[in-house]
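Scroll down for the structure; my scribbles are underneath it.
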Amino acid sequence: MIVDALVIGAGPAGLALAAALAQHGLRVSGLTPRDPASRWSNTYGVWCDELEDGLADRVLGHCWTDCVVYAGEHELALNRNYGLFDNTRLQTHLLTQCERGGMIWQQGMAGRVEHLADYSRLTTRQGAVLEARVVIDASGHRPALVQRPAATDVAYQAAYGIVGTFSRPPVRARQLVLMDYRANHLTPEECADPPTFLYAMDLGDGLYFVEETSLAHAPAVSFAVLEHRLRRRLAAQAIEVQEVQHVEHCLFPMNLPLPDLDQPVVGFGSAASMVRPASGYQVGAALKRAPVVAQALAQALGSERSSPGDIARAGWRALWPEQQVRKHQLYLFGLASLLRFDQPRTQAFFTTFFQLPRQQWAGYLSDTLSQRELLQTMLRVFRQAPNSVRTTLMQTAGGERTLLWRALIG
Ligand SMILES: Cc1cc2nc3c(=O)[nH]c(=O)nc-3n(C[C@H](O)[C@H](O)[C@H](O)COP(=O)(O)OP(=O)(O)OC[C@H]3O[C@@H](n4cnc5c(N)ncnc54)[C@H](O)[C@@H]3O)c2cc1C
């Protein structure tokens with residue numbers, strides 16, 4: 001049987017898009033190496049206001065109202081709620097929608113795909129043949145099928161985290177620390193190394209999650225350095241790790257180029273460079289954008305004459321309209337600046353950033369600003385930041401002229 005859409009991958013992006021497609025009454029099938037219900041191991045956070053009404057209650061395991069950052073020495077209250085997904089609940093929520101639409105999951109790994117006049121034929125690495133009018137690749141950062149230009153100087157987010165119990169609470173009761181860039185426990189030489197911060201939260205019942213994170217660096221900061229820094233940070237506060245329940249190793253690229261938007265396979269999620277260069281977050285974006293892309297695909301599938309290329313193009317256009325592409329270039333420019341900051345400049349930058357009006361910093365992180373508002377936000381940071389940060393920003397502008405040109409002129 002030739003289905004309407006074949007979704008490859010059952011990560012957050014694959015499930016979000018599969019669920020949205022199934023709701024359109026399309027015939028959808030999925031391909032995944034494991035049972036799609038097998039639990040994702042990553043801890044996924046999200047700003048609660050990114051979720052559609054009522055969804056937070058159904059899919060979050062935790063929600064914090066006491067959310068702060070320490071960019072310099074002082075605590076900055078964010079006044080914005082932050083949540084951690086309960087992966088099982090989110091997966092169940094999305095898989096139920098898939099099931100209601102009659103979607104079928106097959107087990108296997110995507111191998112190669114060929115495109116015929118009115119459908120695509122995918123052969124799995126195990127030799128099975130699956131046919132669909134459009135193939136969607138949501139297989140993650142190293143996509144099975146989506147083509148992307150070769151990337152140089154890839155910056156990675158890297159983190160080493162522990163879920164466990166501690167001799168003393170690493171954060172206040174019911175608190176989330178989004179970023180703690182304080183570095184008094186480091187020697188001046190260590191401060192010259194790539195900056196890292198603590199991401200930490202109270203999970204209740206005496207459990208905490210603490211994670212030393214490098215927001216972005218090329219090459220990636222190693223897990224050994226991150227673990228060492230986490231232990232140093234805890235030791236400086238006389239905190240001992242008592243019981244480790246889970247260790248998280250986090251590593252993914254932050255600035256991969258956009259894929260070719262004309263290719264006959266649509267990408268979604270990190271396969272389509274949807275990781276936000278400002279934060280590394282993507283799950284909230286996948287949930288929000290899936291209905292938009294599904295709508296465009298459903299419309300293109302509505303015409304029997306549409307070829308796989310036509311349908312895929314409609315999906316790509318919905319995912320990466322010109323405005324969004326330009327904003328992405330601005331975000332990449334922002335990330336390029338960040339990569340030049342040492343520890344003191346990073347602290348100064350985020351102190352300025354989180355003191356912007358909430359609508360601006362929150363909009364920047366959640367990608368809800370128009371291109372004009374994004375530029376205004378960036379210019380405001382430039383105006384309000386100390387000279388050390390401004391000089392680096394100007395150097396980036398000089399070194400990244402092409403990126404800026406593409407963002408502003410297209
Ligand atoms: C440890 C960690 C923590 C993170 N924390 C956050 C966070 O707090 N908030 C946030 O928004 N983002 C976070 N991210 C970033 C990003 O959202 C995740 O990487 C996310 O998992 C990307 O989702 P995805 O569905 O695009 O890809 P993936 O989650 O990688 O899923 C891809 C799926 O495709 C399958 N697959 C791969 N190859 C094939 C193939 N050939 N054929 C069939 N199937 C295939 C894989 O098995 C997998 O199931 C985190 C990333 C990591 C690594």
message = With the requirement that a residue be under 15 Å from ALA117 (Cα atoms) and either at pLDDT below 95 or surrounded by fewer than 19 Cβ atoms within 10 Å (Cβ to Cβ) (or both), what does region 308-332 give you?
response = GLY309, ASP310
request  = Answer with yes or no whether ASP262 is within 30 Å of LEU122 (Cα to Cα) and away from the ligand (no atom under 11 Å from the Cβ).
outcome  = yes
request  = Please give the strands (runs of 3 or more DSSP E) falling wholly within region 1-88 in which 1 or more residues are more than 16 Å from the ligand (Cβ to nearest atom).
outcome  = 2-8, 66-70, 75-77
inquiry  = Every residue in region 112-132 that is surrounded by fewer than 16 Cβ atoms within 10 Å (Cβ to Cβ) and within 11 Å of the ligand (Cβ to nearest atom), please.
reply    = ARG112, ARG125, GLN126
key: Of all residues in region 268-293 being within 23 Å of LEU338 (Cα to Cα) and of a type in the set (A, V, I, L, M, F, W, C), the one that is farthest from the ligand (Cβ to nearest atom)   = ALA278
inquiry  = Residues that are closer than 19 Å to PHE382 by Cβ and among the aromatic types (Phe, Trp, Tyr), at least 1 per element: which helices (runs of 4 or more DSSP H) completely within region 282-352 meet that?
reply    = 322-340
inquiry  = Anything in region 150-187 that is touching an Asp or Glu at 6+ places or on another chain (Cβ under 6 Å), part of a strand (DSSP E or B) and β-branched (Val, Ile, Thr)? List them, or say none.
reply    = THR165
ask   = Is it the case that GLU114 is in a strand (DSSP E or B), assigned by TED's automatic domain parsing to the domain that holds ARG142 and at pLDDT 95 or above?
value = yes
query = So which of ALA183, ALA200 is aliphatic (A, V, I, L, M), surrounded by 16 or more Cβ atoms within 10 Å (Cβ to Cβ) and free of Cβ contacts under 8 Å to residues at least 60 places away in the same chain?
reply = ALA200
task = Please list, ordered by first then second residue, the pairs with beta carbon atoms under 6 Å, 6 or more apart or interchain, first in region 5-21 and in contact (Cβ under 8 Å) with a residue 24 or more places away in the chain, second part of a loop (DSSP other than H, G, I, E, B) and more than 9 Å from the ligand (Cβ to nearest atom).
result = ALA5/LEU26
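The values are calculated or read from the model by the stated rules, or taken from the named source; none is laboratory data. Quick caveat, the model's predicted, so the values are computed rather than measured. For neighbour counting, all protein chains shown are included, and Cβ atoms are generated from backbone atoms with ideal geometry for every residue, glycine included.
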